[in-house]
Amino acid sequence: MMARTIVVLPQVVDWLAPVWQETAVVPTTGPYVMSDVKKGKSVTFSKQKEWWAKDDRYNQHRFNLDTIKVQVIRDHNIAFRVFYSVAGRA
């Protein structure tokens, strides 16, 4: 599967950064876990292979991406250009 990139405003990352930095192991019940955090740059989520709810009927054909990378773009003009270029391809 291909990975998707999501643009997040710096204010959101600044708000969440202390939580991500203080947590060594992130407990989760969802299909994705944080696999890589680059402060001020990006956060990468990877799909759990042994997720407990993967065979539930409700979750069929959902959560298909293997990785999700959330990039931080601090300049609003560049963020708009990236968003527009991605949205224009859809």
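The values are calculated or read from the model by the stated rules, or taken from the named source; none is laboratory data. None of these values were measured; they are calculated from a predicted model. Note that we place each Cβ from the backbone using ideal geometry, even for glycine, and neighbour counts take in every protein chain shown.
Any idea how many residues of the range 31-45 are within 21 Å of Ile73 (Cβ to Cβ) and either in contact (Cβ under 8 Å) with a residue 24 or more places away in the chain or in contact with an Asp or Glu (Cβ under 8 Å, 6 or more places away or on another chain) (or both)? Break it down stepwise before answering.
Quick first cut of the range 31-45, residues within 21 Å of Ile73 (Cβ to Cβ) only: 34-45.
Okay, now just the ones that are also either in contact (Cβ under 8 Å) with a residue 24 or more places away in the chain or in contact with an Asp or Glu (Cβ under 8 Å, 6 or more places away or on another chain) (or both), so 35, 40-45.
Qualifying residue count for the region: 7.
So, in the range 46-67, how many residues would count as being part of a helix (DSSP H, G or I) and in contact (Cβ under 8 Å) with a residue 40 or more places away in the chain? Even if it seems obvious, please write down each step before you answer.
Kept after step one, since they are part of a helix (DSSP H, G or I), are these residues of the range 46-67: 57-59.
From the residues that got through so far, the ones that are in contact (Cβ under 8 Å) with a residue 40 or more places away in the chain too are none.
Here the count works out to 0.
Just for the range 18-35: of the residues that are at pLDDT below 85 and assigned to a loop (DSSP other than H, G, I, E, B), which one is nearest to Phe63 (Cα to Cα)?
Checked the range 18-35; the qualifying residue nearest to Phe63 (Cα to Cα) is Gly30.
Just name the residue that is nearest to Thr29 (Cα to Cα) out of those in the range 44-88 that are of a type in the set (Val, Ile, Thr) and touching a helix residue (DSSP H, G or I) at 6+ places or on another chain (Cβ under 7 Å).
Initial filter on the range 44-88 (of a type in the set (Val, Ile, Thr)): 44, 67-68, 70, 72-73, 78, 82, 86.
Imposing the further condition that a residue be touching a helix residue (DSSP H, G or I) at 6+ places or on another chain (Cβ under 7 Å) reduces the set to 72-73.
On the way: Val72: 25, Ile73: 29 Å.
That would be Val72.
Residues being farther than 30 Å from Trp51 by Cα and not β-branched (Val, Ile, Thr): count how many of those fall in the range 62-90.
13
One line per residue, one yes/no per condition, for (1) in a loop (DSSP other than H, G, I, E, B); (2) of a type outside the set (A, V, I, L, M); (3) at pLDDT 80 or above:
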residue	(1), (2), (3)
Met2	yes, no, no
Ile6	no, no, no
Val12	no, no, no
Val37	no, no, yes
Gly40	yes, yes, yes
Thr44	no, yes, yes
Lys69	no, yes, yes
Arg74	yes, yes, yes
